[in-house]
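**Student:** One structure, pasted below without further comment.
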Amino acid sequence: MMRILRLIFIFTVLINSVTSFAAEHEITISVGEWPPFLSQQQMHQGFIAHLISDIFAAENIEARFEFLPWGRAYTDAADGHFAATAIWMHQPDRETDFHYSDPVLEEQFVFFHLAEQAFDWTNVEDLEGMALGGGIGYSYGPDFDRALESGLFSIERVGSTQQNFMRLLAGYIDAFPEERSVGYYTLNQSLPQVDASLFTHHPLPLLNNNSFLLFPRSLDTSGDLMTRFNRRLKIFRDTGRYQQYFQKFDAGFYTLPDAANDS
């Protein structure tokens, strides 16, 4: 009996230790809505959120996400109200406020167009005379921006990917650049009344871009937290675990049941 009681005591101590350890290592990350990468309408709040939280979990850190307007997500994190903010493209001025992690996501921007419409390109000169769509405030790389400024082609900017698809369908534009996963997510979730097979994308990327987890310089803990995150991220990549999140996304794992039924 004494042996059993001793084992129960040891087990209770271990459980309490694990619980207190987890409670001491909880962080909150500010994010904006960016489906399918980060979204309250996806399982695990999107597959990049799932990846980030699992990386921290492997370091015995519980990561939670708070969804905010993008501008507030940035400023509140810069002021030290969050342990990190996800995910952001590199811009030199942001280095004043944040440390950059190693790349978390490699985005690939491609041209979407109607499947029945011939569209081909190998360089920006091939876009001459075209009417293109785009997102408000977006840059699609220096070569594209210079060609646009020179008047080689025109671009009509709208507020959403959904609007660009509808304008493409109506024949107002010839093509538009968008991140590949974002484009197909929009087709499958935001345009259920439109046959997704009417659209396709050109395989040549317009832009390959990295996005990062940002750690505020205003917090003394950021250096150590970033080091641990980067170390575990590398392990995920080296072991093939990193790619599994993308494979599960492609297989529809992150789609909520209600969303699947609605489409």
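The values are calculated or read from the model by the stated rules, or taken from the named source; none is laboratory data. Since this is a predicted model, take the numbers as computed values, not measurements. Cβ atoms come from the backbone with ideal geometry, glycine included; neighbour counts cover every protein chain shown.
**Student:** Give the residue that is surrounded by the most Cβ atoms within 10 Å (Cβ to Cβ), with candidates limited to residues of segment 156-177 that are touching a helix residue (DSSP H, G or I) at 6+ places or on another chain (Cβ under 6 Å) and modelled with pLDDT of 95 or more.
**Tutor:** In this case the residue turns out to be Phe176.
**Student:** Further question on the same structure: When you check Thr85 against the structure, is it out of contact with any helix residue (DSSP H, G or I) (no Cβ under 9 Å at 6 or more places or on another chain) and either touching a residue at least 60 places away in the same chain (Cβ under 8 Å) or not polar (S, T, N, Q) (or both), yes or no? Outline the logic, then answer.
**Tutor:** Details: out of contact with any helix residue (DSSP H, G or I) (no Cβ under 9 Å at 6 or more places or on another chain): no; either touching a residue at least 60 places away in the same chain (Cβ under 8 Å) or not polar (S, T, N, Q) (or both): yes.
So Thr85 does not fit the description; no.
**Student:** Something else now. Can you tell me which residue among Phe111, Phe98, Phe153 is in the same structural domain as Ala196 (by TED's automatic domain parsing) and in contact (Cβ under 8 Å) with a residue 60 or more places away in the chain? Don't jump to the end; show me each part of the working.
**Tutor:** On the way: Phe98 fails: in the same structural domain as Ala196 (by TED's automatic domain parsing); Phe153 fails: in contact (Cβ under 8 Å) with a residue 60 or more places away in the chain.
The match here is Phe111.
**Student:** Pairs please, first residue from segment 225-241 and farther than 15 Å from Leu105 by Cα, second anywhere and among the polar types (S, T, N, Q), Cβ atoms under 9 Å, 6+ apart in sequence or on different chains.
**Tutor:** As it stands, the answer is Met226/Ser101, since those pairs meet every condition given.
**Student:** Also, I was wondering about something else. Got a number for residues in segment 33-63 being in a helix (DSSP H, G or I) and over 17 Å from Ala73 (Cβ atoms)?
**Tutor:** Initial filter on segment 33-63 (in a helix (DSSP H, G or I)): 43-45, 47-58.
From the residues that got through so far, the ones that are over 17 Å from Ala73 (Cβ atoms) too are 43-44, 47, 50-51, 54-58.
Going through segment 33-63 one residue at a time, the tally reaches 10.
**Student:** Tell me the residue from Ser222, Ser160, Ser197 that is without any contact (Cβ under 8 Å) to a residue 60 or more places away in the chain and either hydroxyl-bearing (Ser, Thr, Tyr) or within 26 Å of Asp93 (Cβ to Cβ) (or both), please.
**Tutor:** Numbers: Ser222 fails: without any contact (Cβ under 8 Å) to a residue 60 or more places away in the chain; Ser197 fails: without any contact (Cβ under 8 Å) to a residue 60 or more places away in the chain.
Of the residues listed, the single one that is without any contact (Cβ under 8 Å) to a residue 60 or more places away in the chain and either hydroxyl-bearing (Ser, Thr, Tyr) or within 26 Å of Asp93 (Cβ to Cβ) (or both) is Ser160.
**Student:** Further question: Can you report the number of residues in segment 231-240 which are on the phi < 0 side of the Ramachandran plot and surrounded by fewer than 15 Cβ atoms within 10 Å (Cβ to Cβ)?
**Tutor:** Qualifying residue count for the region: 6.
**Student:** Right, here's the next one. The conditions are (1) surrounded by 13 or more Cβ atoms within 10 Å (Cβ to Cβ); (2) outside any strand (DSSP E or B), and Leu132 fails exactly one of them. Which is it?
**Tutor:** Looking at each condition in turn, Leu132 falls short on (2).
**Student:** Something else about it: With Ser160, Ser150 as the choices, which residue is of a type in the set (Gly, Ala, Ser) and farther than 28 Å from Ser197 by Cα?
**Tutor:** Numbers: Ser160 fails: farther than 28 Å from Ser197 by Cα.
After applying the criteria, what remains is Ser150.
**Student:** Report whether or not Glu116 is of a type in the set (Asp, Glu), without any contact (Cβ under 8 Å) to a residue 60 or more places away in the chain and more than 27 Å from Phe246 (Cα to Cα).
**Tutor:** Details: of a type in the set (Asp, Glu): yes; without any contact (Cβ under 8 Å) to a residue 60 or more places away in the chain: no; more than 27 Å from Phe246 (Cα to Cα): yes.
For Glu116, the condition - of a type in the set (Asp, Glu), without any contact (Cβ under 8 Å) to a residue 60 or more places away in the chain and more than 27 Å from Phe246 (Cα to Cα) - is not met.
**Student:** Working only within segment 200-224, note down all residues that are part of a strand (DSSP E or B), modelled with pLDDT of 95 or more and under 19 Å from Gly133 (Cβ atoms).
**Tutor:** Answer for segment 200-224, where residues must be part of a strand (DSSP E or B), modelled with pLDDT of 95 or more and under 19 Å from Gly133 (Cβ atoms): Thr200, His201.
**Student:** Can you name the residue in segment 33-63 that is charged (D, E, K, R) and in contact with a strand residue (DSSP E or B) (Cβ under 8 Å, 6 or more places away or on another chain) and, of all such residues, is farthest from Glu107 (Cα to Cα)? Break it down stepwise before answering.
**Tutor:** In the first step, residues of segment 33-63 are kept if they are charged (D, E, K, R); the result is 33, 54, 59, 62.
After this cut, where a residue has to be in contact with a strand residue (DSSP E or B) (Cβ under 8 Å, 6 or more places away or on another chain) as well, the list is 33, 62.
Numbers: Glu33: 16, Glu62: 26 Å.
My answer is Glu62.
**Student:** Is it true that Phe236 is of a type in the set (Phe, Trp, Tyr) and either assigned to a helix (DSSP H, G or I) or farther than 23 Å from Trp34 by Cα (or both)? Let's see the steps before the verdict.
**Tutor:** On the way: of a type in the set (Phe, Trp, Tyr): yes; either assigned to a helix (DSSP H, G or I) or farther than 23 Å from Trp34 by Cα (or both): yes.
Yes; evaluated as a whole, the condition is true for this residue.
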